[in-house]
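Notes follow the structure.
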Amino acid sequence: MRDSQATLRGLEKVAERDCYVIDVLPRREDSQYARLELWVRTDYYLTVRMRMYDRAGVHVKTFEAQQLKRVSGSWFVSQSLMTNHKTGHSTLLQLNDIAVSTRLPDEDFSVRALERP
């Protein structure tokens, strides 16, 4: 996240895999969350769990990677579950067809292109 302070808390296992545990504190007042906890696999650097907290310190949402998929030598979260603890609703996201493009023009990374809606 842009304009955030990240702190490495340590290592924990998620699904028997070592993960970095990282606390992220957004510095912007208009940030949707006051704090994030991330579990990032040490081998593929993928976020496999994330907990989101509101300004009162209440745990409001949880992201859980349920399946990982290797495509063209890179790892992706192919199935994930987002749970909203305030409403009790969950969303399952499944990516069935992941295409990797290795040819991206440099102009796609200009400030103008990145700020486009």
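Can you work out which of the residues in region 62-117 that are outside any helix (DSSP H, G or I) and of a type in the set (D, E, K, R) is farthest from Leu38 (Cα to Cα)?
Going through region 62-117, the residues outside any helix (DSSP H, G or I) turn out to be 62-105, 110, 116-117.
Checking which are of a type in the set (D, E, K, R) leaves us with 64, 69-70, 86, 97, 103, 116.
Details: Glu64: 10, Lys69: 20, Arg70: 21, Lys86: 20, Asp97: 26, Arg103: 30, Arg116: 27 Å.
Looking at residues that are outside any helix (DSSP H, G or I) and of a type in the set (D, E, K, R), I get Arg103.
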_Residue under question is Val71, and the condition is that it be of a type outside the set (Asp, Glu) and in contact (Cβ under 8 Å) with a residue 24 or more places away in the chain; does it hold?_
yes
*In region 13-36, which residue that is of a type in the set (D, E, K, R) and without any contact (Cβ under 8 Å) to a residue 24 or more places away in the chain is farthest from Ala56 (Cα to Cα)?*
Glu16
*Tell me, yes or no, whether region 50-61 has at least one residue that is closer than 21 Å to Ala15 by Cα, basic (Lys, Arg) and surrounded by fewer than 13 Cβ atoms within 10 Å (Cβ to Cβ).*
no
*So which residues in region 10-29 are under 17 Å from the mean Cα position of the chain (by Cα) and within 21 Å of Arg55 (Cα to Cα), if there are any at all?*
Val21, Ile22, Asp23, Val24, Leu25, Pro26
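Read-outs throughout are calculated quantities, based only on the coordinates presented, and are distinct from any laboratory measurement. Values in this document were obtained by computation on a predicted structure and should not be read as measured data. Because the Cβ atoms are built from the backbone with ideal geometry, glycine has one as well, and the counts that use them run over all protein chains shown.
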